[in-house]
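Down below is the structure, laid out as structure tokens.
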Amino acid sequence: MTSASVDAIDTAVLDASVAINLLGTGVSEEILSVVPWHVVIERRAHREIRRHPIAGRDHAAELHAWELNGWAGMVSLRADMRQAFEELTSGSLIKTLDDGEAATIAYAVGDSERTVPVIDEKKATKIFQQRWPNRRLLETADIFRSLVEAELVSKRFASDAVYSALTHARMHVSHQMRPWVLDLIGSSRAAACPSLGRSA
């Protein structure tokens, strides 16, 4: 995975787990309102968001606010994207993805070279990189790093948001991104995040 240059992306397609991570920050609207890309969620992935990771909060109302304010719209696969979707969901379980991940990838690769899927799940990441080795793939942590590097949010804001996503949504962080995340949130906070594993 690579760091996302703000200027190199037009559209980011969020998988369900990424949307859940953003909900888990507790400040998703503040984050999405400054993301410099068009953000969308394919309807199959959208359907997989069944609860809010923070107790007492309404995921449906928050997702509706994302769409209402133009921060993250819901999209559907076009006819020319369906072949990639079918290929990603058909065959042995070892080599296929669930509908939400497959739709996220199929929409991104079929839309534009400047449209990027944002996925945290290891299996989906591996399949994408094998199938489209020249295409960019991002994870949730890349969004935060991009916003910090572009000075669209402060490091303190990003630190609090990432820590909240790690504790409430158990956000997955790849090995490549863990040093940046550990530096951002600090060792004491990292030690309280089981999803960071032994690296914390």
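The values are calculated or read from the model by the stated rules, or taken from the named source; none is laboratory data. Nothing here was measured: the structure is a model prediction, and the numbers come from that model. Note that each Cβ is placed from the backbone with ideal geometry, even for glycine, and that neighbours are counted across all protein chains shown. Please note that ligands, DNA and RNA were not included when accessible areas were found on the heavy atoms of the full protein model with its side chains. Shrake-Rupley method; radii C 1.70, N 1.55, O 1.52, S 1.80 Å.
What is the one condition in (1) surrounded by 14 or more Cβ atoms within 10 Å (Cβ to Cβ); (2) in contact (Cβ under 8 Å) with a residue 60 or more places away in the chain; (3) not aromatic (F, W, Y) that L97 does not satisfy? Result: L97 passes all but (2). Residue check: is F85 open to solvent by less than 20 Å² (accessible area, probe 1.4 Å) and within 20 Å of D10 (Cα to Cα)? Criteria not met by F85. List the number of the failed condition for K122; all other conditions in (1) surrounded by fewer than 19 Cβ atoms within 10 Å (Cβ to Cβ); (2) modelled with pLDDT of 95 or more; (3) under 24 Å from A16 (Cβ atoms) hold. Failed condition: (2). Which numbered condition trips up R44, out of (1) farther than 25 Å from E151 by Cα; (2) in contact with a His (Cβ under 9 Å, 6 or more places away or on another chain)? Answer for R44: the failing condition is (2). Candidates in segment 36-49 are the residues that are in contact with a strand residue (DSSP E or B) (Cβ under 8 Å, 6 or more places away or on another chain) and open to solvent by 20 Å² or more (accessible area, probe 1.4 Å); of these, the one that is farthest from A169 (Cα to Cα) is H38. The residues of segment 42-72 that are touching a helix residue (DSSP H, G or I) at 6+ places or on another chain (Cβ under 6 Å) and within 14 Å of A108 (Cα to Cα), listed by number, are E42, R44, A45.
If you go through segment 144-174 one residue at a time, how many are open to solvent by less than 10 Å² (accessible area, probe 1.4 Å) and of a type outside the set (S, T, N, Q)? Result for segment 144-174: 9.
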